[in-house]
Each structure stands twice: as structure tokens, then as C-alpha cells.
Amino acid sequence: MVGLLEEKKKVYLKTYGCQMNVYDSDRIIEQLAQKGFEATPREFDADLIVLNTCHIREKAAEKVYSELGKYSNLKSKNPKLKIGVAGCVAQAEGNEIIKRQPLVDFVVGPQTYHTIPTLLEKLTNGQKVVDIEFSTQEKFENLKLTEGKEYKPSQFLTVQEGCDKFCSFCVVPYTRGVEVSRPLSEILSEAKTLTEYGAIEITLLGQNVNAYNGLDDSKKRRDLSYLIHKLSEIDGLKRIRFVTSHPVDMTDSLIQTFRSNEKLMPYLHLPIQSGSDEILKKMNRRHNVSDYLNIIKKVREARPDIAVSGDFIVGFPGESDRDFERTLEVCHNVGYASAFSFKYSPRPGTTAFEKKEVPEYIKKERLTVLQDVIRQHQSSFQKNLVGKTLPVLVEKKGRIEGQVIGKSPYLQPVFFSAASALIGKIVDINITRSESNSLSGNFCE
Ligand code: SF4
């Protein structure tokens, strides 16, 4: 316990990667706050530095080592400074991190970051700790939200972790482990606390969120659709979203939830990765293009205005010009409201790693063409919203005085002029303009 006059210790936490890491970082900060730490945005102020890492991008581990190198000055000025590495690079590299960068004091994986507050007590006399066990459930049992803390209107809530799909390009099954779903009651209780203290919208997270298969109190397995219906019974909770889904787990009951549950927002992020069946097979995606398009058709029947988002990888080993054209065809066919696209880059340990690569210049060209097509569809989706009145969840102040930023049901940021007292409320906004990644409009008083 920190005395009233005692200065709080400071933690600087740098987060890389996806929303799941953002959720994990929030929980790390919260656990440390319960031990008397406060977050600082300045590393040179910190008593503790934690890097919460991601292994998805190219040369992820090298980027972490280079970031760590920057801290050697800080450590020589303040020998009491503790430095830790968490997340997927920590899981993949383990002891190697301390061998290569001895200024690191501890290494914890995505399933053991809940141990940080207690392991800090063990770091005496230069002792180092590496804890990269897979103990997903134990982690969640140890993560307690802070009663009375003010939460922002839009919150993430991890309901499922890990992946059993083993796409041939992806490290997630190795860094996050097999699919594990949290028990229903634990999720409902976390969602109730979040809404009691400020959340209006909750985004359910999972590497394969639609594979959610958690136990209820009678030990019966329940799917994501059931979980969404139970969550929607919470009064203060107005909006529910979920990411990221895999096509093979897109059940009819989940699709129908877009029709039957008005709290479920009309937004679906459903990666396809390639528009070629040949390439999907090489990627070990376990679905083909027609399965995917059929899901999109059914989702649109259930919720005609839905915003569909996707992920693409271009230049996967063996991708021909014709394969790439098929990707563009899918893109036109679906008319994505937004999509993420990347050049393929090999990840050590994955089955695609040794395969002969498409030349870099071709990957670059294909990415430029694909991103142009994605932009066209995104722009036309957004322009269709101009002139409409949308319910917007007001999230924060804008950079300009008197401006606030909210979120549309379709996930675009919406800029408009209004009092910041509206933060945390859902208000009607008349959309007047579409920018490349956002909308703006007028508050309908
Ligand atoms: S479904 Fe494929 S891409 Fe997604 S996390 Fe699992 S292995 Fe990775």
C-alpha cells in the first residue's frame, strides 16, 4: 500500500499489435495500479518499463531488441529501473531475450502477464524471471477489474484466446496456444463491472472469437451467439461487437444474431486472405471462396446494411497473376467497407516459411493495386452514409476546440461539434461529409 505522502512508482508500457494486446496492456496497468503504480507516457520517468509485444509483423523480434537497446542509458542512470518484455515475442523468444539483452529483468508470455506484480518482488540482487507457461484460465481468474474506476465508453473484453487453425503463414497458434474460451459467468461479470463504471459499448475479442465455446454454470458449452444474447440483457450495455472471426466458425445461429439482436452492431470483420482456392488451400485456411461468399450473402440477408471488413495477404508463395486477379474479384464482389492488406512475409516456425517467395517488386505492385480497390469500395460505402442520420457513440474530445469524436454503428470515427458533456452518450448525427477513413456531421439537437 502506498502512503499518502509516498510518491507513486511509475510504469511506462508500450503496446504493439492488435486489440487483444491493448486489452492485455489495460489489464497489466490495472494490476500494477492495485500495487501502487501509475502509468507514465515518458520512459525516462519510469521505475518499470514493459514492452507488450506482437509477433505478427515482419522482423518483430528484431524491432523489440532494437527498442530495448534504447533503454541501456536509462538503466545505467537508474540501476533500480526494471525492464520486462511481455506478449507474443516474449512467448516465442523466451530465455533468448535475456541472453541477447541482459538489461531485461523479466519475460512473461500472453498467458502469464498477470504474474507481473508478484514477480517484481522476486527481482532482487539482479535475479531474472522468465514465465511463459500456457495458463490462460489461471490468468483470467487473477485479473480483477478495479471497482469504482471510471472506464471509457468503449471497452474491449477478451472472451477467447488461442487458435487451433494453423494457417500456414501464422505464428498465433504457437504464441497464444490452443483455443480456450472463458466461462460465461466470468465474462458477464466483467461486462457488468465495465458498464456499471462507464462502458456503453463492448467489443468481444478473440483470435477466433466466433469459435467461442465457454461453459455456463451448469457446465454446458455455449456459443458466441448465446453469449451475445446474455450480454445484451445488461441494461447499461448498448452496443456489442466482436472480432476476429474465422469463416469456418461462422454458424447460422451467429449470422441470425445480426438480425435478432439490436445491440449487436452491423459490422463484421471476416478475413478471407486470398480470393484463390489454390492459395487458400496452400494457406491451410479450411474454406474456399464460395464458402466465404455464401456466408457474406447470408449475413447480408440477415442485416442488409452490414459493414463487412476483411484481411488480405498478397504475394503468398505460389500466387500467380490469375490468383491475384481472383482476390480483386472477391474484393469487388463483397464491396468491403474497410479491409487490412499486407504483403506476405515469412515467419520462422510456420509451415510456409521455407516456400519459394514471390519477388518483392511483384508483391509491392499487387499490394498497391489491391489497396486502391479497397479504397474505392470503402469510399463508396461511406459516401452512401452522407445525408443519413446515424446514432453515434461519443467517445472523446477532438483536437479542435468544441469538437468531439464518436463512432458510427459501422465503426467509422465521426467528427462533429458538440459539448464534451456528451461523451459516453449515443446521439443522432446527420452525416454531411465522408473523408478517407472517417465521417463528419452535425449534431441533431
Ligand atoms: S485463424 Fe489462421 S490467421 Fe487467424 S490466428 Fe489462427 S492461424 Fe492465425
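Would you please give the residues with an amide H less than 5 Å from that of residue 408, counting only those at least 5 places away or on a separate chain, with H modeled from the backbone geometry?
Hits under the 5 Å cutoff: 414.
How about the chain: what cysteines have no other cysteine beta carbon under 4.7 Å from their own?
18, 54, 88, 163, 331, 444
Which order do 145, 385 fall in if you start with the one that has the fewest other Cβ atoms within 10 Å?
Details: 145 18, 385 21.
So the ranking, lowest neighbour count to highest, is 145, 385.
Multiply the residue gap between residue 286 and residue 430 by 0.36 nm, knock off their C-alpha separation, and tell me the result in nm, one decimal place.
Numbers: separation 144, 0.36 × 144 = 51.84 nm, distance 4.24 nm.
Full-extension gain reported as 47.6 nm.
Convert each backbone phi in region 104-121 into a coupling constant with the Karplus relation 6.51 cos²θ - 1.76 cosθ + 1.60 (shift: θ = phi - 60°), then list the ³J(HN,Hα) values in order as whole Hz, x for Gly and Pro.
6, 9, 8, 10, 10, x, x, 9, 10, 5, 5, 7, 3, x, 7, 5, 4, 5
Please give the direction-averaged projected area of the C-alpha convex hull for region 118-252, in square nanometres with one decimal. Please report the intermediate quantities before stating the final value.
On the way: hull surface 42.3 nm².
Spelled out: convex hull of the Cα atoms, projected over all directions, averaged, 10.6 nm².
For the cross-link pairs 383/407; 165/297; 9/59, which exceed 26 Å when the distance is taken from alpha carbon to alpha carbon?
Working: 383/407 16 Å; 165/297 24 Å; 9/59 33 Å.
Over 26 Å Cα-Cα: 9/59.
Treating only the Cβ of Lys, Arg, Asp and Glu as charged (+1, +1, -1, -1), what charge dipole size does the chain show about its Cα centre? Round to the nearest 20 debye. Provide the component values of the computation, followed by the final result.
Numbers: 63 positive and 58 negative charges, 104 e Å.
Computed charge dipole of the chain: roughly 500 debye.
Taking amide H atoms as placed 1.01 Å from N in the peptide plane, list the residues 5 or more away in sequence, or in a different chain, whose amide H sits under 5 Å from that of residue 86.
Placed amide hydrogens put 51, 52, 53, 108 under 5 Å from residue 86.
Based on alpha-carbon atoms only, what is the radius of gyration of the chain relative to the globular estimate 2.2 N^0.38 Å? Let's see the in-between values first.
Details: Rg = 22.6 Å, N = 445, 2.2 N^0.38 = 22.3 Å.
For the chain, the normalised Cα radius of gyration is 1.01.
Show me, bin by bin at 5 Å from 0, the whole-percent P(r) of region 389-443 based on Cα pairs.
Over region 389-443, the share of Cα pairs per 5 Å bin runs 5, 24, 38, 25, 7, 1 percent.
Against the 2.2 N^0.38 Å scaling, with N counting residues, where does region 135-210 land? I'd like the Cα-based Rg ratio to two decimal places.
Relative to the 2.2 N^0.38 Å estimate, region 135-210 comes out at 1.22.
Which cross-chain or sequence-distant (5 or more) residues have an amide H under 5 Å from the amide H of residue 13, H modelled 1.01 Å from N in plane?
For residue 13, whose amide H was placed from the backbone, the distant partners under 5 Å are 40, 50.
Name the lysines eligible as straight-distance cross-link partners of residue 230: C-alpha to C-alpha under 18 Å, and not fewer than 8 places from it in the same chain.
List returned: 192, 219, 220, 238, 263.
Through the Karplus equation 6.51 cos²θ - 1.76 cosθ + 1.60, θ set to phi - 60°, convert the phi angles of region 391-397 into ³J(HN,Hα) values in whole Hz; use x for Gly and Pro.
My calculation for region 391-397 gives x, 10, 7, 7, 10, 7, 6 Hz in order.
Can you sort 201, 43 so the residue with the fewest Cβ neighbours within 10 Å comes first?
Working: 201 22, 43 17.
Arranged by neighbour count, lowest to highest, 201, 43 become 43, 201.
Only the coordinates and a few stated rules stand behind these numbers; no lab work does. What you are looking at is a predicted structure, and each value in this text was computed from that prediction instead of being measured. Every residue, glycine among them, receives a Cβ derived from its backbone with ideal geometry; neighbour counts consider all protein chains shown.
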